[in-house]
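Have a look at the structure below, then the notes.
The values are calculated or read from the model by the stated rules, or taken from the named source; none is laboratory data. Values in this document were obtained by computation on a predicted structure and should not be read as measured data. Glycine also receives a Cβ, built like all others from the backbone with ideal geometry; neighbour counts cover every protein chain displayed. Each accessible area value is taken on the protein alone, full model and side chains, heavy atoms only, with ligands, DNA and RNA left out. Shrake-Rupley method; radii C 1.70, N 1.55, O 1.52, S 1.80 Å.
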Amino acid sequence: MADKQKVNTLATLEAWVEKRRQPFTLNDAAAGTGIAVQDLVNAFDELIGKYYCRVQATSQGDVIYDFGETLRRRNAKTATEIFLEILNWFWKGFQAIYKVCIALVMVVYFVIFVVIIVVAVILASSSSKDEKKGSSLNLNIIGDLFAAIFRFSHITNTVMYVTDAAGYRYPQYQPEPAALNKNKKGFMASVYDFVFGPPRVPVDHLSNEKELAAFLRKNKGVTVGAELQALAGWTTDQMEDFLAAYSAKFHGRLKVTEEGVLYAEFDELLRGKIKTDETQIVYYWDEYEPEYLWTGNDFGRNLVIILMNLFNLIFSFLVLTAEHTILELIVITPAVRLALGWVPFIYSVLFFLIPLVRGVWVLKKQKERHEANMRRRVMKAIFANQAAPKTLEEIERLVNSEPNMEKLSRQTIQHILDNLLLELRGRLEADMSDGKARYVFEQIHNELKTIGVIRRTRTVSYDLGDTILDSGV
């Protein structure tokens, strides 16, 4: 009976919220649905876990819930997301198929064409023993190719940190070493990276949840929205939605101080048997995005790959344009024209075309990455000294305080600040005492000051108590 009542409560609340379509408090919901406030608390947790919701606090200590003009499921995907997901599946399938083609065509056809030329040279110079000796073929490169011909993944699980030209340190996979030279990247790995680019270290989709749990365990189980923004770089709207969802998912309680600061308590997360947490707590501005590399190869390796594919392209073109025979050795039949002409020709054209098209995408993503990394630095300056008001000159000095990083111009910093004023709900305020304008992020500043006081006065227990039941006894 209790479960049925719980379902009815959730259904009633969901219908009321869908009809209401405007922000409300818990008391509004109780008055509008006729359900007791205590019964609504649990229903709210389930509803927030199911739909997007923003939470806000008032100066009188009330919490306002905003589900938007219509209920939007958290796991629902937009038409654009579905389309991009389908494209991604096709792209991964194409990559798998084309890597097989690379292994077969890049190596096999290259060897076939080389053998044909060598045989033609040997036949043409059969009258001279010296010329025969001079026609021997160095097979080192071909041997290197065959050492890893059908191994399509050439990265290790080892993640190393590298620094780009602008001074941003980011994680990157360590490539598998070559079979013939442990100090160099494998040749086939270079070939695959030439076409599709080196793989980037993926982002853990639950990293924010795990990081916040570790943060809460180390900080007496309480947090404010400003700390979530410092950990993940969210806008205020994104933070409010995440805080509501996280509170519902992990049995947190939203509270408001007398000064109107909203904070969350997660007492249940503090209780556990494991005392150490392997999850690293890294602030948003210290998590620089990995580069989008075009090939990840050095110039010499790219040159070798280009020449090999160019060789295949030229030879296949000669087969397609030959009328009867090529090198006085191969008779051009329809089967030969298909096998040694069209197939390697189309493959070789795609081999050059794919990285050229991908290069446009790489340039776009690199620009977005650079902008995101610059935003990190400006956001770090904003949060310095508990996000106290600062002038543009003070923020510029903080941003450019790192000696090994690129220097950002005042114009660039000001442009980023203008965007952050909207994203973090700040304002530009003139100080009448000195006539200087300051960037004020009052909500963040108040939250960071308040949470420090709350932690200092908060007493929590991590003790699970004595074991009173053991199923193994």
Do we have GLY300 as at pLDDT below 95 and touching a Pro at 6+ places or on another chain (Cβ under 7 Å) here?
no
When every residue in the stretch 403-427 that is in a loop (DSSP other than H, G, I, E, B) and touching a residue at least 60 places away in the same chain (Cβ under 8 Å) is compared, the one surrounded by the fewest Cβ atoms within 10 Å (Cβ to Cβ) is ASN404
Which count do you get for residues in the stretch 407-449 that are farther than 16 Å from ILE395 by Cβ and touching a Ser or Thr at 6+ places or on another chain (Cβ under 6 Å)?
1
Helices (runs of 4 or more DSSP H) wholly inside the stretch 155-273 containing at least 3 residues that are at pLDDT below 85
187-196, 207-218, 236-249, 267-270
Counting just the residues of the stretch 211-261 that are aromatic (Phe, Trp, Tyr) and touching a residue at least 12 places away in the same chain (Cβ under 8 Å), which one comes out farthest from LEU40 (Cα to Cα)?
PHE215
Inspect all residues belonging to the stretch 271-291 and state whether any of them is open to solvent by 40 Å² or more (accessible area, probe 1.4 Å), under 30 Å from GLU176 (Cβ atoms) and in contact with a strand residue (DSSP E or B) (Cβ under 8 Å, 6 or more places away or on another chain).
yes
For the subset of the stretch 41-66 comprising residues that are open to solvent by 30 Å² or more (accessible area, probe 1.4 Å) and over 25 Å from GLU447 (Cβ atoms), which member is nearest to the chain's Cα centre (by Cα)?
LYS50
Looking only at residues in the stretch 380-402 that are part of a loop (DSSP other than H, G, I, E, B) and open to solvent by 70 Å² or more (accessible area, probe 1.4 Å), which one is modelled with the lowest pLDDT?
GLU402
Filter the stretch 294-303 down to the residues that are surrounded by 15 or more Cβ atoms within 10 Å (Cβ to Cβ) and among the hydrophobic types (A, V, I, L, M, F, W, C) and list them by number.
TRP294
Only one of VAL115, VAL107, VAL119 is open to solvent by 70 Å² or more (accessible area, probe 1.4 Å), modelled with pLDDT under 80, under 20 Å from LEU318 (Cβ atoms) and assigned to a helix (DSSP H, G or I); which?
VAL115
Conditions (1) closer than 30 Å to GLU368 by Cβ; (2) part of a helix (DSSP H, G or I); (3) not charged (D, E, K, R) -> SER316 fails only (1)
Return yes when ARG456 is among the basic types (Lys, Arg), open to solvent by less than 20 Å² (accessible area, probe 1.4 Å) and either assigned to a helix (DSSP H, G or I) or at pLDDT 95 or above (or both) and no when it is not.
no
Answer yes if at least one residue in the stretch 68-90 is at pLDDT 75 or above, touching an Asp or Glu at 6+ places or on another chain (Cβ under 8 Å) and either open to solvent by 70 Å² or more (accessible area, probe 1.4 Å) or assigned to a loop (DSSP other than H, G, I, E, B) (or both), and no otherwise.
yes
Identify all residues within the stretch 326-341 that are in a helix (DSSP H, G or I) and surrounded by 14 or more Cβ atoms within 10 Å (Cβ to Cβ); write none if there are none.
VAL336, ARG337, ALA339, LEU340, GLY341
Testing ASN42 on (1) modelled with pLDDT of 80 or more; (2) touching a Leu at 6+ places or on another chain (Cβ under 9 Å); (3) over 23 Å from MET239 (Cβ atoms), one condition comes back false. Which one is that?
(1)
Can you go through GLN22, GLN38 and tell me which one is of a type in the set (S, T, N, Q) and surrounded by 10 or more Cβ atoms within 10 Å (Cβ to Cβ)?
GLN22
